[in-house]
Amino acid sequence: MFDLMIRNANLPDGRKGIDIGVSGGKIAAIEVGLPGAAGEVIDATGRLVSTSFVDPHFHMDATLSLGLPRMNVSGTLLEGIALWGELRPLLTKEALVERALAYCDLAVSQGLLHIRTHVDTSDPRLVTAEAMLEVKERVAPYIDLQLVAFPQDGYYRAEEGAKSLERALDMGVDIVGGIPHFERTMQDGAASVEALCRIAADRGLPVDMHCDETDDPMSRHIETLSAQTVRFGLQGRVAGSHLTSMHSMDNYYVSKLIPLMAEAQINVIPNPLINIMLQGRHDTYPKRRGMTRVRELMAAGLNVSFGHDCVMDPWYSMGSGDMLEVGHMAIHVAQMAGVEDKKQIFDALTVNSAKTMGLVNYGLDVGCNADLVVLQAENVQEALRLKPARLAVLRRGKTIARTAPKIAELNLSGRPAKLDTGRNPTAR
């Protein structure tokens, strides 16, 4: 007797007709024709059942603030940063919590149950940290939320930036962040990387830095971050987010850089939607699109995961909380349209991101947490193509969200009356 059973599921690895039994919030069995009964049965009808989606890079303190106190007219990164600087003194804990909880509702509906968010620590009030710590506690039953102490205005550049970051860590923010390319000089940027890695080593914390989010090929702080990772023994616990300067670096330098990153076991987090929107703004044509070298980094064995980064905030007026939208864009920008490419892209939204976040008991194996999503698509490739409805979202084996399948009704002579948008229309 299982608490819940999912019948006739397709899995991301290509297996079909699989039954999944859940007991005590964990996956208890995975096999074809699983015997036994269950308190609740979900018939997947040959749909894809995946582990829940993971977003390893987000800004929840800014989300859903679009238009406050004004719009980003140019749509650029620098105006977004300036606009956030205008909004920050006006922030209240209550408003931050309200917007963050609203976004978490949206995330759950999309099957997104694990999020790492960067928390701006540049304002000495640390109202952002207070708010996000409350949100973390309130959403814990349904979302794993990790918080990064992020010195948005620069660790050295911002007044009291260093002190504020340490205070945020003392409050319970659990990851050390940074933004070395935003310091006033390259030297200050390199010094900030060393200082922040030292703090992480002393406190036993992971590191996740906004690194080289620029078109400047001479912005090479990822090299410093990799070296300091090895120096402080932080291998596997450090993430370099964005890394957009790599799209402008010459190939010889990159041929030296990637092995150094691999030695440091750097987790790489590109943000496809934001990177292609904000980078290359000084170019006429040819115009660079800004995403880092995803295919090459994956081929070198680095753990690459994708972040959503922003939803309706000063930097990005769009976004839906849908990690499949992120993967869909990554396929196009990274030119990874092959069957195996798409499997790698899907992994970057799930298992790779779970590794980046250090999630425990995540996966589709017996003993893993039953955090699952039933999608209105037959396989990984179709899920990325269609960005389909999440028919059911499970947290620890409990259904916490449902969406009706999208079925189109047709009135065409001699043609079917209904069209299941989650099925290949040419399939028989």
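Structure values in brief
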| quantity | calculated |
| --- | --- |
| Members of segment 335-365 found to be open to solvent by less than 40 Å² (accessible area, probe 1.4 Å), touching a residue at least 60 places away in the same chain (Cβ under 8 Å) and more than 28 Å from Ile175 (Cβ to Cβ), listed by number | none |
| Tally, over segment 105-116, of residues that are touching a strand residue (DSSP E or B) at 6+ places or on another chain (Cβ under 7 Å) and either in a helix (DSSP H, G or I) or of a type in the set (D, E, K, R) (or both) | 4 |
| Residue in segment 177-211 that is most open to solvent (accessible area, probe 1.4 Å), counting only those that are among the acidic types (Asp, Glu) and more than 14 Å from Leu165 (Cα to Cα) | Asp202 |
| Filtered residue count, segment 38-61, keeping only those that are open to solvent by less than 20 Å² (accessible area, probe 1.4 Å) and on the phi > 0 side of the Ramachandran plot | 1 |
| Unmet criterion (only one of (1) part of a loop (DSSP other than H, G, I, E, B); (2) open to solvent by less than 10 Å² (accessible area, probe 1.4 Å)) for Val326 | (1) |
| Residue check for Arg237: of a type in the set (Lys, Arg) and at pLDDT below 95 | no |
| Selection status of Leu145, open to solvent by less than 30 Å² (accessible area, probe 1.4 Å) and in a helix (DSSP H, G or I) | no |
| Check on Asn251, more than 18 Å from His118 (Cα to Cα), among the polar types (S, T, N, Q) and in contact with a helix residue (DSSP H, G or I) (Cβ under 6 Å, 6 or more places away or on another chain) | no |
| Where Asn275 falls short, out of the listed (1) part of a helix (DSSP H, G or I); (2) open to solvent by 10 Å² or more (accessible area, probe 1.4 Å) | (2) |
| Residue match in segment 399-409 (condition: free of Cβ contacts under 8 Å to residues at least 24 places away in the same chain and among the charged types (D, E, K, R)) | yes |
| Unmet requirement for Thr214, which otherwise passes all of (1) of a type in the set (Val, Ile, Thr); (2) over 30 Å from Ala107 (Cα atoms); (3) open to solvent by 10 Å² or more (accessible area, probe 1.4 Å); (4) under 23 Å from the mean Cα position of the chain (by Cα) | (2) |
| Set Lys418, Lys387: member being surrounded by 15 or more Cβ atoms within 10 Å (Cβ to Cβ) and over 29 Å from Gln265 (Cα atoms) | Lys387 |
| Qualifying residue in segment 41-49 (condition: in contact with a helix residue (DSSP H, G or I) (Cβ under 8 Å, 6 or more places away or on another chain), among the hydrophobic types (A, V, I, L, M, F, W, C) and modelled with pLDDT of 95 or more) | yes |
| Residue selected from segment 265-290 under the condition touching a residue at least 40 places away in the same chain (Cβ under 8 Å) and of a type in the set (A, V, I, L, M), by the criterion nearest to Arg237 (Cα to Cα) | Ile266 |
| All positions within segment 296-315 that are open to solvent by 10 Å² or more (accessible area, probe 1.4 Å) and assigned to a loop (DSSP other than H, G, I, E, B) | Ala300, Gly301, Leu302, Met312, Trp315 |
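Let's see how each residue does on (1) without any contact (Cβ under 8 Å) to a residue 60 or more places away in the chain; (2) open to solvent by 50 Å² or more (accessible area, probe 1.4 Å); (3) assigned to a helix (DSSP H, G or I):
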residue	(1), (2), (3)
Thr63	no, no, no
Arg70	yes, yes, no
Val73	yes, yes, no
Ile81	no, no, yes
Tyr103	no, no, yes
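Listed here are the residues, each with its yes/no results for (1) modelled with pLDDT of 95 or more; (2) more than 18 Å from the chain's Cα centre (by Cα); (3) within 22 Å of Val238 (Cα to Cα).
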| residue | (1), (2), (3) |
| --- | --- |
| Gly111 | yes, no, no |
| Thr117 | yes, no, yes |
| Thr121 | yes, yes, yes |
| Arg125 | yes, yes, no |
| Asp153 | yes, yes, yes |
| Ala162 | yes, yes, yes |
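The values are calculated or read from the model by the stated rules, or taken from the named source; none is laboratory data. Please read all numbers here as calculations on a predicted model, not as lab measurements. Counting neighbours? That spans all protein chains shown, and the Cβs are built from the backbone with ideal geometry, glycine included. Accessible surface areas use protein heavy atoms only, side chains included; no ligands, DNA or RNA. Shrake-Rupley method; radii C 1.70, N 1.55, O 1.52, S 1.80 Å.
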